[in-house]
Amino acid sequence: MDHPHIPEARVSSRWRERLQHYWQLVRGDKPVGWMLLLWPTWWGLWAAAEGVPPWWPLVVFSLGVWLTRAAGCVVNDYADRWLDASVKRTRDRPAATGAVSGREALLLFAVLMLAAFALVLTLNRLTILLSVVGVLLAASYPYLKRHTYLPQVYLGMAFGWGIIMAFAAIRGQVPALAWLLYVANIFWTTAYDTWYAMVDRDDDIRMGAKSTAILFGELDLLAIGVLYGGMFAALGLAGRNAGWGWPYWVALAVAGLLVAWQFVIARGRGREECFRAFRLSHWVGLVMFAGIALHYAL
């Protein structure tokens, strides 16, 4: 007996499988990275608007965060195909296994970035111009680990650019407060992404990749502590200059406790422990956002 619907079922199954690979490629199943990009962007939006921002910039930046983070993951996996297949944590990624081709990855990256850029085009001219810098940061970041030990610093520059764009979109200029929050985010991102890099340190050394975790070596915990110190100093200065009240300072204290707990978790430098410390990081960003938002709400 003939089964005319079997070919259609196979096509449908094949498409579901492809979409699943694309979803994995953009890290749709791992929202932590999206939140690490969202919270600093919301710091900037709320600080620039001195309260709840206008609804359209909020929509543009919130969707833009997801799109650019997804695009960043795609281009990162494209650039790291040579490395990911030899690293325990990343060897099953679609680009590393060949489930998604290099051409498909580049096409997906282009679609995501064009969608994000289309959203930005609805904002003012300064924000549009600044978005070009954001695209360059996102596209070039993955290649730094071949040539420098500081890709984590560059990631901080890329992840914090939403702060600069948020002020441009809301105020039409980028004041000193925006740059203080940007510097704080660079310190913070470098610190938490060093926890992340410590997970892969042995594999990266073997494959010739570079990171702050390798650069810091046995002084890694001390260096991360210094980075967090820089973050808290910049956030403290931002809060003082902006005149933020007690909710912000309580949030800063709670963030300090969360960071201290990260050190307790990862003090042995084990892979799983360092990854747990990294995953806690988005709570630091959330708490700081709550402090800023509550200051203006109250």
With Rg from the Cα atoms and Rh as the Kirkwood inverse mean 1/r over Cα pairs, the chain has an Rg/Rh of 1.01
If one takes the longest principal axis of the Cα atoms in the chain, at what angle in degrees, from 0 to 90 and to the nearest 10, does the Cα axis of helix 176-199 lie?
50 degrees
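For the chain, what does the accessible surface come to per residue with a 1.4 Å probe? Please give it in Å².
47 Å²
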Charge context of residue 109, other residues only, Cβ under 15 angstrom, K/R +1, D/E -1
+2
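If you place +1 on the Cβ of every Lys and Arg and -1 on the Cβ of every Asp and Glu, how big does the dipole about the Cα centre of segment 59-179 come out, in debye to the nearest 20?
Dipole of segment 59-179, to the nearest 20 debye: 160 debye.
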Could you order the peptides 141-150, 57-66 from most to least packed, using the average number of other C-beta atoms within 10 Å per residue?
57-66, 141-150
Let me spell out the model: positive unit charges on the Cβ of Lys and Arg, negative unit charges on the Cβ of Asp and Glu, origin at the Cα centre of the chain. What dipole size does that give, in debye rounded to 20?
140 debye
Tilt of helix 246-266 relative to the longest C-alpha principal axis of the chain, in degrees (0 to 90, nearest 10)?
50 degrees
Over the chain, with every protein chain in place, what whole percent of the accessible area is carbon and sulfur at 1.4 Å, could you tell me?
66 percent
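The values are calculated or read from the model by the stated rules, or taken from the named source; none is laboratory data. Being a predicted model, the structure only gives us computed values, none of them experimental. Glycine gets a Cβ as well: all are built from the backbone with ideal geometry, and neighbour counts include every protein chain shown. Just so you know, the surface numbers come from the protein's heavy atoms only, side chains and all, with ligands and any DNA or RNA stripped out. Shrake-Rupley method; radii C 1.70, N 1.55, O 1.52, S 1.80 Å.
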